[in-house]
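Every number here is computed from the coordinates shown, using simple stated rules; none is lab data. Fair warning: this is a prediction, and the values are worked out from it, not measured in the lab. When we count neighbours, we look across all protein chains shown, and the Cβ atoms used for this are built from the backbone with ideal geometry, even at glycine.
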Amino acid sequence: MLTPTDKIWHNGRFIPWADATIHVLSHVVSYGSSVFEGIRCYSTPAGPAVFRLREHVRRMVDSAKIYRMENLGYSAEQLGDAMLELVRVNRMDSCYIRPIALRGYGEMGVNPLHNPIDIYLACWSWGKYLGEEALAEGVDVCVSSWNRFAPNTLPALAKAGANYMNSQLIKMEALANGYSEGIALDTAGYVSEGSGENIFVVRDGKIHTPPLGASVLPGITRDSILTLARDLGIPLVETIIPRELLYIADEVFFSGTAAEITPIRSIDKIKIGSGRRGPVAEKLQKEFFGVITGSREDRYGWLTPVHAAVGA
Ligand code: PMP
């Protein structure tokens with residue numbers, strides 16, 4: 001159950017958490033017309049800092065554009081500033097931030113263009129998505145019987161509410177069968193991604209990850225891993241991945257804002273590599289957690305401090 005914080009930002013104003021409600025006939029309720037983000041704010045020795053704020057705001061604006069929400073009413077910079085203000089107003093040290101742009105109450109019918117666009121920014125405290133233990137031990141997952149959507153059906157590059165009906169099918173099926181997550185294939189039968197995570201496959205020291213054309217969300221954590229791998233000198237290719245490469249991999253791991261970098265120890269009850277976190281995932285985790293906890297230098301400017309530096 002969510003633990004409420006004090007305030008939610010709605011169209012430029014802070015309102016009490018409990019007042020952030022919408023009408024049941026809002027367009028989004030029937031037709032799934034929303035775009036959103038999931039962002040983490042981490043506690044660092046220098047105070048709370050948001051991970052890759054600019055990139056998340058940019059993806060939200062991109063998602064909106066794909067769905068012809070041309071005018072959100074706020075610039076990317078204003079939205080980013082409002083998110084920082086949100087964390088300050090709620091006096092959070094670390095939290096998860098959920099911005100949502102939705103088609104609101106007005107007309108009824110499929111055409112969304114006459115409905116207002118409402119923007120909400122909320123934050124709350126959220127721990128490790130697949131469990132603390134998962135980061136060290138790895139998780140047991142399956143290949144889903146559900147595919148990701150075909151490229152000419154729902155646009156995968158947009159982080160849109162409706163996409164998550166597909167994610168829910170993948171997740172529920174996995175849980176029903178005793179797995180913690182499912183890996184979906186694309187409609188060509190190649191590996192795509194988890195219900196809420198991108199995926200990486202290591203064999204013979206080389207990392208493989210599906211390209212953006214494989215119906216994946218362009219993950220910000222995925223992008224961070226591409227950067228870290230390059231800097232660490234670990235070869236990485238974006239390439240189509242046949243399902244069976246998963247089974248014979250030395251390591252497989254997920255990436256995502258919620259999942260961070262989570263190793264996978266078995267797929268369809270087949271042990272992956274040594275059956276626990278492998279050296280490549282561990283190395284990437286070390287770098288990643290080093291940056292987000294502030295114990296390693298933020299070489300890439302990934303952290304935005306929530307409180308402006310004193311004297312700045
Ligand atoms: N794929 C899907 C379907 C997701 O929901 C997420 C989480 N946003 C990801 C991948 C990972 O993206 P990110 O690293 O930006 O959180």
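Below is a table of values for the structure above.
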| item | result |
| --- | --- |
| Segments 190-198, 226-234, 293-301 sorted - mean Cβ within 10 Å per residue, highest first | 190-198, 226-234, 293-301 |
| Rounded to 10°, Cα long-axis angle of helix 279-292 versus longest principal axis of the chain | 30 degrees |
| Per-residue [θ]222 nm for the chain (sum of -39500 (n - 2.57) over DSSP H runs n ≥ 4, rounded to 500) | -8000 deg cm²/dmol |
| Beta bridge orientation in the range 134-277: antiparallel %, DSSP, nearest 5 | 70 percent |
| Net charge, G138 excluded, C-beta distance under 12 Å - Lys, Arg +1, Asp, Glu -1 | -2 |
| Semi-axis lengths, Å, the range 7-126, gyration tensor of Cα atoms, sqrt of 5 times eigenvalues | 27, 16, 11 |
| q = 0.10, 0.14 Å⁻¹, the chain: log10 I(q)/I(0) [Debye, one scatterer per Cα] | -0.58, -1.13 |
| Relative contact order for the chain, counting Cα pairs under 8 Å that sit 6 or more residues apart, in percent | 20 percent |
| Percent RCO, i.e. relative contact order, over the range 7-126, from Cα pairs under 8 Å lying at least 6 residues apart | 37 percent |
| Rounded D (µm²/s) - the range 134-277, Kirkwood Rh over Cα pairs, Stokes-Einstein at 4 °C, 1.567 mPa s | 87 µm²/s |
| Sum of side-chain charges, F254 neighbourhood, beta-carbon under 11 Å (Lys, Arg +1; Asp, Glu -1) | -3 |
| Modelled FRET efficiency - R0 22 Å, K271 with I240, Cβ distances, 0.05 increments | 0.35 |
| Lysine pairs within the chain, Cα separation less than 27 Å, 8 or more sequence positions apart or different chains | 19 |
